[in-house]
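The values are calculated or read from the model by the stated rules, or taken from the named source; none is laboratory data. Not measured: the values here are computed from a predicted model. Every residue, glycine as well, gets a Cβ built from its backbone with ideal geometry; the counts of neighbours run over all protein chains shown. Side chains are part of the model used for accessible areas, which takes the heavy atoms of the whole protein and leaves out ligands, DNA and RNA. Shrake-Rupley method; radii C 1.70, N 1.55, O 1.52, S 1.80 Å.
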Amino acid sequence: MHMHIERIGQIAIPVTDVDRAIAFYRDVLGLAFLFRGGPNLAFFDCGGVRILLDKPEEAEFRNHSSVIYFTVSDIKTSFAEVVERGAKPEGSRI
């Protein structure tokens, strides 16, 4: 079985103020608010792609750009394949 990216499942966007970001994405952009995951996470739907607003706890991740999550049919096989292709896993739990 070979890896096949099916679609974008989620995009994480780092923010410094989750409440302010919720107001912007919900009230200004008009995205459908899905739920809040504690004080540092909020989820929206954007045409079937989930948007995650995240206030990173670790300082090293606060100034990073968005993270795109791809949907695959078999995560373990896909993970092994991209590592075999040269990806360097960082903090992986798989």
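The table that follows gives values for the structure above.
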| item | result |
| --- | --- |
| Taking the convex hull of Cα positions in the chain, its mean projected area over all directions (nm²) | 7.0 nm² |
| Inter-site label distance for residue 87 and residue 29 at 7 Å from Cα along Cβ, in nm | 2.4 nm |
| Antiparallel DSSP beta bridges within the chain, percent to nearest 5 | 75 percent |
| Accessible surface of region 1-71, 1.4 Å probe, proportion on carbon and sulfur as whole % | 55 percent |
| Environment charge of residue 15, counting only residues whose C-beta is closer than 9 Å and scoring Lys/Arg +1, Asp/Glu -1 | 0 |
| Net dipole in debye of the chain [+1 Lys, Arg Cβ; -1 Asp, Glu Cβ; about Cα centre; nearest 20] | 100 debye |
| Net charge contributed by nearby residues that have their C-beta within less than 11 Å of residue 44 (K/R +1, D/E -1) | +2 |
| Relative contact order [Cα under 8 Å, 6+ residues apart], the chain, whole percent | 39 percent |
| 3J(HN,Hα) from dihedral phi, region 44-53, Karplus parametrisation 6.51/-1.76/1.60, rounded to Hz, x for glycine, proline | 10, 10, 10, x, x, 9, 7, 9, 10, 8 |
| The chain: angle of helix 75-84 to the longest principal axis, Cα-based, in degrees nearest 10 | 70 degrees |
